[in-house]
Structures are given as structure tokens and as C-alpha cells.
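Reviewing the structure listed below.
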């Protein structure tokens, strides 16, 4: 969708970047909704998470690439920045593998970090430190800091296979502490004039529809992915709620001069509408999914 949707928007007379903004993917809302619906441990739930995380990584890389091109053009410096991005991904992969080997050889140390009754919360401190370190390394490399934090989260997820209560604590810190600051900033930058403009609201509704259209590939590839019709519809719906990534794409586009403040406001409104409508529709669809899509009940 990151390739096709921008082409569709160009054909309709809009900037290619608007197409990029509505085709990004984020797992921020998807994971809590899957947990709430009891599908987080099912096969379809894991497939959705895999697609969402892959899409989020690709979205961050594409936005970073556009930012590099906009700042430096097709120059040697742009090539160097691209190499830095690849090196960052390579270093993250090597670091991930090293940690995985350490976890395999010393499971008792990992278990100590993951203890739910740890009074000093060593695990929480470690993960937050790794996330900030990843962001600082990315920033120092001239890459978007969010990419570094994302890679840190990926490392955590890959190394610590059985997270249990510890994962709930991480989610509580993220959604209960850091995320509100993000949305306070979004609200401060949001232009209320968009809500007073019929044209702005209409455009936001159009973009909301296009967000779903850009995520219909599960419907088109349902046989190849071995998905039932309802499962494919459900995957398309829940992938259409990329709240944080649309906001990030809009802010980055305005900073680069590719979007007007009014257009950025429409994208923020689109992100809000999408994150209300599509998860609600997914919940309705998930109740009708086949039993194989539901978590196994204990005997």
C-alpha cells in the first residue's frame, strides 16, 4: 500500500505524500484492541500483529527516507545518510542476536529481570533505558529517533519470549505515562478551525475511507494468506487504525513543507476518526469469526 496508494492520490490530483500518510501502519492501537477482544494469542491475532509490526517498521523507514531525500536530495550526503540507516538496522540485528544468545545461555538472569514481584523493577528500568538509548543512537546517526525506539521494542519482544505480567507493566508505563504526553502535544498543535470547515471535515472523511482502501490487501490475498472472509475483513479494519503514525507523518510532512497546516489538521482528524470507527467495526466482526480464530479455552 505504501507504493500503490501514493500513485492513486497522484492520479486524483493530490500530493503523493498524502497517499503516504494514509497508507502508514501502526501497532499502537491494534495490540490493545486484540487483547480486549481476547484474540491476542490466536493464530489470526498473531498474524495481525506480525503484519502491523512489519508495516510500522516499513512506514518509519519510508518516512525517514523521504526526510533524508527532502533535506539532501540525490547527493553523496543522502547516500551516506541512507548507509547510516542500513547500519542502524544491521547493528540492531546483531545486538538482537547477541542478547538472544545471552538469554539462551543464562535464562536464570532473564527470569530475574522478568520477575513480577521485583521491588526495584529492574526489567522496567532496562527496557526504558534501551528505548532511550535506541532513540539517542538513531538521532546521533541522523535517523528519526522513533526508529531507534521501535528497534529497541523489537529487540525486547524477540529476546523475552515469555513476558507475562512484565509485558502488562510495560504497556501500563507506555499507554499510561508516555502516550498521554504524545497526545497532549498533538492536541496543542491541532487547528480547531478544521472542525469549523465543512470542506476540511469532508476531506478528513474522504481520507478516512482511503485509509481503509489502502489496507484491503488481506481481502485481495485472503486465499494466499489462508484467511476466511470475516478474518480478512477484520484484519483490514484493524490495520486501518494507525493513529500515531498518521499524526507523525502529518507533522513530518508539515515540517518538510509538503503539507499545509490545514492539511496536517485534516490528517490529525482523520487519525482520530479512523481510530474510533475501525476498531469498533473490528470488534463487531471479531464476535462472528470462526471458532478457530478464538483463543483456546482451558479444559
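Computed from the coordinates by the stated procedures, all read-outs in this text should not be read as laboratory data. No experiment lies behind these values; they were computed from the predicted model shown. Here the Cβ positions follow ideal geometry from the backbone for every residue, glycine too, while neighbour counts run over all protein chains shown.
When we screen 60, 20, 10 for residues that are out of contact with any strand residue (DSSP E or B) (no Cβ under 9 Å at 6 or more places or on another chain), over 14 Å from residue 238 (Cα atoms), in a helix (DSSP H, G or I) and free of Cβ contacts under 8 Å to residues at least 12 places away in the same chain, the only hit is 10. Out of curiosity, is residue 66 more than 16 Å from residue 236 (Cα to Cα), in contact (Cβ under 8 Å) with a residue 60 or more places away in the chain, surrounded by fewer than 21 Cβ atoms within 10 Å (Cβ to Cβ) and within 21 Å of the chain's Cα centre (by Cα)? The answer is yes for residue 66. Tallying residues that are surrounded by 22 or more Cβ atoms within 10 Å (Cβ to Cβ) and farther than 18 Å from residue 232 by Cα within the stretch 33-57 yields 1.
Quick check on the stretch 255-264: of everything there that is more than 20 Å from the chain's Cα centre (by Cα) and in a helix (DSSP H, G or I), which residue is surrounded by the most Cβ atoms within 10 Å (Cβ to Cβ)?
Step by step, filter the stretch 255-264, then rank; the result is 263.
In the set 242, 279, only one residue is out of contact with any helix residue (DSSP H, G or I) (no Cβ under 6 Å at 6 or more places or on another chain) and in contact (Cβ under 8 Å) with a residue 40 or more places away in the chain; that residue is 242. In this structure, does residue 78 turn out to be more than 15 Å from the chain's Cα centre (by Cα), surrounded by fewer than 17 Cβ atoms within 10 Å (Cβ to Cβ) and in a helix (DSSP H, G or I)? In short, yes.
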